[in-house]
Amino acid sequence: MTKQLLHNIIINFLAFVWLVNGLICKVLNIVPRHEQIVAKFMGESIARPVTLMLGLAEIAMAIWILSRNKPRLNAITQMTIVLTMNILEYFYASEYLLWGKLNAVFAVLFLCLVYYNEFILRKELNSNY
């Protein structure tokens, strides 16, 4: 597999993760625990609208990833959001997470993938031109 192909696969995978979490889990509310997490922080009365806004923002992130516009800023934004969200959930809402506190492992793996794709793999691709 070429490095360019791997880079493209990772980009599509990252966008897919954001799209699924935004559209399926939050906008369509197929996974209600996302709204429960928001309710824990923001309160029941505004949990649905906030969850919907978060879902739309995640869909926008997927579109941004696929656009390949400002990829470094995009990667830093993804890492910041995932890290912040997972730290908060780890300490304050772990009972709602699919794998409890073990979710942190998946978050770190996701962060590593984003970092590798943008700051290692893309750098290698750019140095070949």
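Number of residues in segment 26-68 that are more than 30 Å from Arg122 (Cα to Cα) and open to solvent by less than 30 Å² (accessible area, probe 1.4 Å) equals 9. Restricted to segment 104-129, and to residues there that are part of a helix (DSSP H, G or I) and among the hydroxyl-bearing types (Ser, Thr, Tyr), the residue that is nearest to Leu6 (Cα to Cα) is Tyr116.
Restricted to segment 1-103, the set of helices (runs of 4 or more DSSP H) holding at least 2 residues that are modelled with pLDDT under 95 and hydroxyl-bearing (Ser, Thr, Tyr) comprises 71-92.
Kindly indicate whether Leu102 is open to solvent by 30 Å² or more (accessible area, probe 1.4 Å) and within 19 Å of Cys25 (Cβ to Cβ). Explain how you work it out, then say what you get.
Values: open to solvent by 30 Å² or more (accessible area, probe 1.4 Å): yes; within 19 Å of Cys25 (Cβ to Cβ): yes.
Here the answer is yes, as Leu102 does meet what is asked.
The values are calculated or read from the model by the stated rules, or taken from the named source; none is laboratory data. These figures come from a predicted structure and were not determined experimentally. Glycine gets a Cβ as well: all are built from the backbone with ideal geometry, and neighbour counts include every protein chain shown. Each accessible area value is taken on the protein alone, full model and side chains, heavy atoms only, with ligands, DNA and RNA left out. Shrake-Rupley method; radii C 1.70, N 1.55, O 1.52, S 1.80 Å.
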